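Have a look at the structure below before the remarks.
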Amino acid sequence: MSLINYSSREINCKIVYYGPGLCGKTTNLQHIYSRVPQETRGKMISLATEMDRTLFFDFLPLELGQIRGFRTRFHLYTVPGQVYYNASRKLILKGVDGIVFVADSQIDRFDANVESLVNMHDNLAEHGLAAEKIPVVMQYNKRDLPRVVSVGDLERELNPQGSPFYEAVALRGTGVFDTLKLACKLVLKTLG
């Protein structure tokens, strides 16, 4: 739920990058952080384990100009990819305004994508939310690798609701800003 502060004339929106472990959620945020002007971004907070996996979240407040005289600030989070950190995943979804579901396109990661997507729907339901009521952008990452699932199969199995999607190679930045821009646009549309 977007927070509108009338005294400071600021709208704060929360976008959560959700997906299985090592699918590229943190890589998306790192690329965004490295490319946006310093004056439009806050500090990036990243908590990682010794195996370089995000344990809790990455948080990147990002200012994207004004709408109707209000400054807009997007807070970008990632969930830990591993489902056994489910309490953290659930907590990070609280108050979410939009979701980017990052799917790992590799054939051998397909089941992990499905498990993470089911987990996302379950966690949203616990907050009384449904993915159909929240802007969701699908990102099919790692499209540059040799053994990947076709986009048609990813769409059929992971995106039956027909959310917009982008193909991506987050390590190179391909599709990263397209995904973010669309997620932000869809969130702002919900504000009316």
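Read-outs throughout are calculated quantities, based only on the coordinates presented, and are distinct from any laboratory measurement. The structure displayed is predicted, hence computed values, not measured ones. So basically every Cβ, Gly included, is an ideal-geometry build from the backbone, and we count neighbours across all protein chains shown.
Rounded to whole numbers, the Karplus 3J(HN,Hα) couplings from phi for region 97-111 are 9, x, 10, 10, 8, 9, 9, 7, 6, 5, 4, 6, 10, 4, 4 Hz, using 6.51 cos²θ - 1.76 cosθ + 1.60 with θ = phi - 60°, and x at Gly and Pro.
Beyond 21 Å in Cα-Cα separation lie the following of the pairs Lys14/Lys94; Lys14/Lys142; Lys14/Lys133; Lys43/Lys185: Lys14/Lys142; Lys43/Lys185.
Placing +1 on the Cβ of each Lys and Arg and -1 on the Cβ of each Asp and Glu in the chain, which of Ala170, Ala125, Leu188 has its Cα farthest towards the positive end of the resulting dipole? Farthest towards the positive end: Leu188.
Extension gain for Glu132 to Asp108 (0.36 nm times residue separation, less C-alpha to C-alpha distance): 5.9 nm. Its Cα centre serving as origin, region 90-158 has a Cβ charge dipole (Lys and Arg +1, Asp and Glu -1) of approximately 180 debye. Model label points for Phe177 and Arg35, set 7 angstrom from Cα along the Cα-to-Cβ axis, are 0.5 nm apart.
By the count of neighbouring beta-carbon atoms within 10 Å, fewest first, Thr27, Thr179 end up ordered Thr27, Thr179. Beta-bridge orientation, region 3-190: approximately 45 percent antiparallel, per DSSP, counting only bridges with both partners inside. For the listed peptides 151-162, 5-16, a ranking on the average number of other beta carbons within 10 Å per residue, highest first, reads 5-16, 151-162. Using R0 = 22 Å, the C-beta based FRET efficiency linking Leu47 and Asn86 works out to 0.85.
Return the tail of the calculated pair distribution for the chain, meaning the percent of Cα-Cα pairs more than 21 Å apart.
Numbers: 8694 of 18336 pairs.
That fraction is 47 percent.
Taking a ≥ b ≥ c as the square roots of the Cα gyration tensor eigenvalues, with a/c under 1.5 meaning rounded and otherwise prolate when a/b beats b/c, else oblate, which class fits region 107-192? Cα axes put region 107-192 in the oblate bin. Taking other Cβ atoms within 10 Å as a rough exposure proxy, Thr26, Thr78 sort from fewest to most as Thr26, Thr78. Does region 146-192 come out rounded, prolate or oblate, given a ≥ b ≥ c as the square roots of the eigenvalues of its C-alpha gyration tensor, rounded meaning a/c under 1.5 and, failing that, prolate meaning a/b above b/c? In terms of gyration-tensor shape, oblate.
Could you work out the relative contact order of region 66-127, using alpha carbon pairs under 8 angstrom and six or more residues apart, expressed as a whole percent?
32 percent
Taking all Cα pairs closer than 8 Å and separated by 6 or more residues, the relative contact order of region 3-190 comes to 24 percent. Axis of helix 25-35 versus longest Cα principal axis of the chain: the two differ by about 50°, to the nearest ten degrees. Subtracting the Cα-Cα distance of Ile4 and Asp122 from their residue separation scaled by 0.36 nm leaves 39.7 nm.
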